[in-house]
Amino acid sequence: MSESRYQPEVSSVNPVLQLENVARLYSMGDETIYALRDVSLSIHQNEYVAFMGPSGSGKSTLMNIIGCLDTPTSGSYLFEGEQVSSMNDGELAEIRNRKIGFVFQTFNLLPRITALQNVELPLVYSGISRGERYKRAEEVLTSVGLADRMEHRPNELSGGQRQRVAIARALVTRPSIILADEPTGNLDTKTGNEIMGLFEALWKKGNTIIVVTHEEDIAAHAARIIRLRDGNIEQDVLNPNRHIPETLTKLDLP
Amino acid sequence: MTRIVESIRPAFVALAANKMRAVLTTLGVVIGIFFVLLMGWVLNGLDSAFTQSFAFFGDDILYIDKFNWSGGEDWYAQRNRPKIDFRQYGMFKERMRGAEFVVPTIDRFSTNVRHENLQLQGSMIFGTTAEYIDMYSGITAEGRFFTETEAELGANVVVLGQKVNENLFPQGDALGKTLKIDGQPFTVIGVLPKRGTMLIDFVDNMSLIPIKRFFGLYGSRSSLTINVKAGGKERLDDVKYEAIGVMRSVRSLKPGDDDNFGINSQEMFSQFIDITRGVVWGIGLFMTGLAFLVGSIGIMNIMFVSVAERTREIGVRKAVGATQSRILLQFLFESIILSLIGAAIGLILTSTIAAFKDQIVSGVIALLSLVGLAEGDTTVNLSFLSSTIPLTQVVVAVVVAVIVGILAGIIPAFRAARLNPVEALRAE
Ligand SMILES: Nc1ncnc2c1ncn2[C@@H]1O[C@H](COP(=O)(O)OP(=O)(O)OP(=O)(O)O)[C@@H](O)[C@H]1O
Ligand SMILES: [Mg+2]
């Protein structure tokens, strides 16, 4: 196991995320399900990591814990050096709001409001003024190539466009970490590649990217691949032959 | 502040998506607010009707009478009290120092007053002295009141109340005419202005004649009332105290004896007012409470549905940084707005009724007379009710609606706020 563990090149720098013996279990009546058994890992600033593994291996569970949407049943999770389990709802919400941008397989846009309003949503919760909110949301939507779709509702957009709105929403508070749970799972290969191009550009700009995927092609974009099985880390390796997407989306973020 | 504004917006988006449901949900609140406003409106009307009505009596006038008007304790004992006769009035007036006016009145119902072929049954004949008109404002609408001489002589003159005047002289030509009261001829020398309201219209349904003539006509068996005007409300207590003493001396009561007469004032009516108010309140509160109970259950129910339908939305909001309190506020506002929509509808409904009260009542009467439940020419005087809902009532309604909204929304909102984000995102 230890030989497969990835050792960061600059070990003196503190990791942004540090999980130590994290377990997450669910009690279903008298049965206990281990979504995560014993996971330890560290991720540093500007890493590009892919979580892989068969269905039910615990990828999403791990992602949710990292994203402060869920908390470990046991073990320790330090976010930027702080113990997440001791944080209250307000502090967790603030991390989700400012430090983390979530991208979901099913986009999770609010159906009744426009693309622009969807992108504004995180800013509403960071207490940004209306004018500033509009400006920033417009900026980000433009940078993901949706300048002409801002007033559209989600059901008036294609899957790829929806995912780009979702990415814009994830980016709008300028978080350093982007978490994407099967972001291309509902998209065709071409559109999926465009989305991966966006992540590539974000990574180049210094963001930390964590992607959950089933597909080797998608995982190939990452610099580090972590494979899960039955709630444990099976393999944690650097990706020697990174795939750099041809459609390197230009991303003019401020 | 911005937090509040930001919490209101999604509430409107959500409600707009289900307009019909929103309106139907508020039905209970609509009815509740409707009752609150209606009750306030009627109570307000009653209050002003009472004040207007009893203003006629004057707030500085005492009525020494055989009976205590507030009724109450042993009415039988009161029945056996000696009557107040004209001689006692004379003695009382002579000894009374602090009063502005001391005027005797005596009345009798069930009389027949006729002029040519028009006649009036059961109106009131009122015997009094010339001072009566001075005690009550001193104004006649037409003609004049009888003079001291006429009163002293027991002349055959009559001053008509407005209603008697209208009934017997529809042309308004009463002055100088001779009419018959229980067969005896009287010359009309004056007409009083309208003094009554819906609540006490007997004051307009009377004919005033010299008290001496009254005794001539009906004998002097019944007891009279001594009207004592204090000349200012602040003097009322002093005058009352003196009047009791004087009346006791007139009656030659010994120190240990109970008063064998009643001292009454306008305030006696406040009991009657309080009872009426109490009844309106009781009915109103019951109906309102019931409506609000139904209303808040309706809103609570729909809020639970709303939370369930939007579980995923809640998950998304949490994932992008909404705290529990923001989610709580959002749903609480949704519920308050729902309730306020109900209040607005209720307000519109009640205002419409207030504005068209007369048309509505005459419509109802027309309808009832169609099925034979009412006389076609029945009229109801609703002038004591204002044609707008008072602003204070509106404020009360809004406050009540907000409270109902909070009470109905708090549990669903808490449920929404406490949703686990991961599970919420997995919903549907
Ligand atoms: N709320 C829950 N209650 C009970 N069991 C759960 C719950 N959530 C997850 N699990 C279980 O935990 C395990 C890991 O689930 P998880 O969603 O993390 O898998 P995954 O690797 O993301 O799978 P997939 O690739 O299918 O998305 C599964 O066996 C799942 O059944
Ligand atoms: Mg998953």
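The values are calculated or read from the model by the stated rules, or taken from the named source; none is laboratory data. Source: prediction; values computed, not measured. For neighbour counting, all protein chains shown are included, and Cβ atoms are generated from backbone atoms with ideal geometry for every residue, glycine included.
Is one or more of the residues making up the range B:318-331 more than 14 Å from chain A (Cβ to nearest Cβ) and buried (at least 24 other Cβ atoms within 10 Å of the Cβ)? Yes, the range B:318-331 contains a residue that is more than 14 Å from chain A (Cβ to nearest Cβ) and buried (at least 24 other Cβ atoms within 10 Å of the Cβ). Within the range B:10-23, residues that are closer than 19 Å to A:Thr114 by Cα and within 11 Å of another protein chain (Cβ to nearest Cβ) have Cβ atoms under 8 Å from residues that are of a type in the set (S, T, N, Q) and part of a helix (DSSP H, G or I) in these pairs: B:Pro10/B:Gln330; B:Ala14/B:Ser306, counting only partners at least 6 apart in sequence or on another chain. Considering only residues that are surrounded by 23 or more Cβ atoms within 10 Å (Cβ to Cβ) and outside any helix (DSSP H, G or I), look in the range A:71-102 and name the one that is nearest to ligand 2 (Cβ to nearest atom). Looking at residues that are surrounded by 23 or more Cβ atoms within 10 Å (Cβ to Cβ) and outside any helix (DSSP H, G or I), I get A:Phe102.
Determine, yes or no, whether A:Ser60 is within 10 Å of ligand 1 (Cβ to nearest atom), under 24 Å from A:Asn239 (Cα atoms) and touching a residue at least 12 places away in the same chain (Cβ under 8 Å). Yes: the conditions hold for A:Ser60.
For the range A:115-131, the candidate set comprises residues that are more than 8 Å from chain B (Cβ to nearest Cβ) and modelled with pLDDT of 95 or more; within that set, the residue that is nearest to B:Ile314 (Cα to Cα) is A:Asn118. With respect to (1) of a type outside the set (S, T, N, Q); (2) farther than 30 Å from A:Thr189 by Cα; (3) in contact with a strand residue (DSSP E or B) (Cβ under 9 Å, 6 or more places away or on another chain), the lone exception for A:Arg130 is condition (3). With respect to the conditions (1) modelled with pLDDT of 90 or more; (2) outside the structural domain of B:Lys163 (by TED's automatic domain parsing); (3) farther than 19 Å from B:Ile84 by Cβ, B:Glu234 falls short on a single one, namely (1). Of the listed requirements (1) more than 14 Å from chain B (Cβ to nearest Cβ); (2) within 16 Å of ligand 2 (Cβ to nearest atom), A:Leu238 misses just one: (2). Checking each residue in the range A:178-207 for being β-branched (Val, Ile, Thr) and in contact with a Leu (Cβ under 8 Å, 6 or more places away or on another chain) picks out A:Ile178, A:Ile195.
On the basis of being within 16 Å of ligand 1 (Cβ to nearest atom), more than 14 Å from chain B (Cβ to nearest Cβ), under 14 Å from the mean Cα position of the chain (by Cα) and hydrophobic (A, V, I, L, M, F, W, C), does A:Ile195 make the cut? For A:Ile195, the condition - within 16 Å of ligand 1 (Cβ to nearest atom), more than 14 Å from chain B (Cβ to nearest Cβ), under 14 Å from the mean Cα position of the chain (by Cα) and hydrophobic (A, V, I, L, M, F, W, C) - is not met. Within the range B:206-236, being assigned to a loop (DSSP other than H, G, I, E, B) and buried (at least 20 other Cβ atoms within 10 Å of the Cβ) holds for B:Leu224, B:Ala230.
Each row is one residue, and each column tells you yes or no for (1) surrounded by fewer than 14 Cβ atoms within 10 Å (Cβ to Cβ); (2) at pLDDT below 90.
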position	(1), (2)
B:Phe57	no, yes
B:Trp69	no, yes
B:Tyr76	yes, yes
B:Tyr89	no, no
B:Gly98	no, yes
B:Thr128	no, no
B:Ser137	yes, yes
B:Thr140	no, yes
B:Gly154	no, yes
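For the range A:52-75, the condition holds for at least one residue, the condition being that it is within 14 Å of the chain's Cα centre (by Cα) and more than 14 Å from chain B (Cβ to nearest Cβ). As for the range B:63-83, it holds no residue that is β-branched (Val, Ile, Thr) and in a loop (DSSP other than H, G, I, E, B). Output the residues belonging to the range B:400-422 that are more than 14 Å from B:Ile327 (Cβ to Cβ) and more than 42 Å from the chain's Cα centre (by Cα). Once the filter is applied, which keeps residues that are more than 14 Å from B:Ile327 (Cβ to Cβ) and more than 42 Å from the chain's Cα centre (by Cα), the range B:400-422 yields only B:Val422.
The rows are residues; the columns are (1) assigned to a loop (DSSP other than H, G, I, E, B); (2) over 17 Å from A:Met196 (Cβ atoms).
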residue: A:Val124; (1), (2): no, yes
residue: A:Arg136; (1), (2): no, yes
residue: A:Glu139; (1), (2): no, yes
residue: A:Asp148; (1), (2): no, yes
residue: A:Gln161; (1), (2): no, no
residue: A:Arg164; (1), (2): no, no
residue: A:Ala168; (1), (2): no, no
residue: A:Arg174; (1), (2): yes, yes
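Kindly indicate which of B:Thr111, B:Thr105 is touching a Phe, Trp or Tyr at 6+ places or on another chain (Cβ under 7 Å) and more than 20 Å from B:Leu253 (Cβ to Cβ). Every option except B:Thr105 fails the conditions. Scanning the range A:37-65 for residues that are surrounded by 16 or more Cβ atoms within 10 Å (Cβ to Cβ), within 13 Å of ligand 2 (Cβ to nearest atom) and of a type outside the set (Gly, Ala, Ser) yields A:Phe51, A:Met52, A:Lys59, A:Thr61, A:Leu62, A:Met63, A:Asn64, A:Ile65.
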